[in-house]
Amino acid sequence: MFQKLLSALFPPSIDRARIQTACARAQHQTSSPIHVEIATQPVSDALAEAEHAFRRLALHRTPQRNAVLFFLAPQARRFAILGDCAVLEHCGEAFRREVAESMKQCFRKRDFTGGLERGIAQAAALLEPHFPAPNPPAPGPLSSGLSPA
């Protein structure tokens with residue numbers, strides 16, 4: 001599982017509307033639900049919290065087992081990217097590394113919303129060949145989105 005300490009301060013405010021728009025765009029590219037969760041309380045282990053959130057959101061119950069979670073812990077200055085078993089099977093560990101690397105470029109410039117947008121877009125592009133979106137995308141209980149932890 002990927003976990004990275006950010007060198008820059010991670011602001012507690014993220015432009016939620018832009019993140020929701022990025023998730024909606026991704027839903028037009030891939031059937032993989034892409035969800036963003038932002039911790040509102042301090043966490044000691046972002047990865048463990050991300051795994052808990054993945055289960056709590058029932059992202060492990062998608063029919064194709066292809067969900068992705070971006071978990072942000074602003075107070076701990078950490079983030080985790082989790083993919084369900086089909087994501088790992090089709091995209092491998094390189095998926096998380098590539099997505100995280102694209103996000104870090106923006107994070108270093110203190111553009112945290114842009115980093116999330118870039119990560120979501122990168123994830124959707126990498127997932128699309130394996131999990132294309134239905135025509136039209138069908139939102140449901142496990143559709144892409146954003147929620148506070």
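Data table
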| read-out | value |
| --- | --- |
| Solvent-accessible area of THR40 with every protein chain in place, 1.4 Å probe, in Å² to the nearest 10 | 70 |
| Percent RCO, i.e. relative contact order, over the stretch 59-118, from Cα pairs under 8 Å lying at least 6 residues apart | 22 |
| Rounded accessible area of ASP45 (nearest 10 Å², 1.4 Å probe) | 70 |
| Karplus 3J(HN,Hα) series, Hz, for the stretch 18-25 with 6.51 cos²θ - 1.76 cosθ + 1.60 (x for Gly, Pro) | 5, 5, 4, 5, 4, 5, 5, 4 |
| Built amide H within the under 5 Å cut-off of VAL36, gap 5+ | PHE70, GLY145, LEU146, SER147 |
| Sequence-distant residues sharing a close amide H with THR30 (under 5 Å, placed H) | ALA133 |
| Karplus (6.51, -1.76, 1.60) ³J(HN,Hα), θ = phi - 60°, over the stretch 55-69, in Hz, Gly and Pro reported as x | 6, 4, 7, 6, 5, 7, 10, 5, x, 8, 6, 10, 7, 10, 10 |
| Heavy atoms of CYS106 accessible to a 1.4 Å probe, total area in Å² rounded to 10 | 20 |
| Vicinal HN-Hα couplings computed from phi for the stretch 122-131 (Karplus, 6.51 cos²θ - 1.76 cosθ + 1.60; Hz; Gly/Pro x) | 5, 4, 4, 5, 6, 7, 3, x, 8, 9 |
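The values are calculated or read from the model by the stated rules, or taken from the named source; none is laboratory data. None of these values were measured; they are calculated from a predicted model. These area figures cover heavy atoms from the full protein model, side chains too; ligands, DNA and RNA do not enter into them. Shrake-Rupley method; radii C 1.70, N 1.55, O 1.52, S 1.80 Å.
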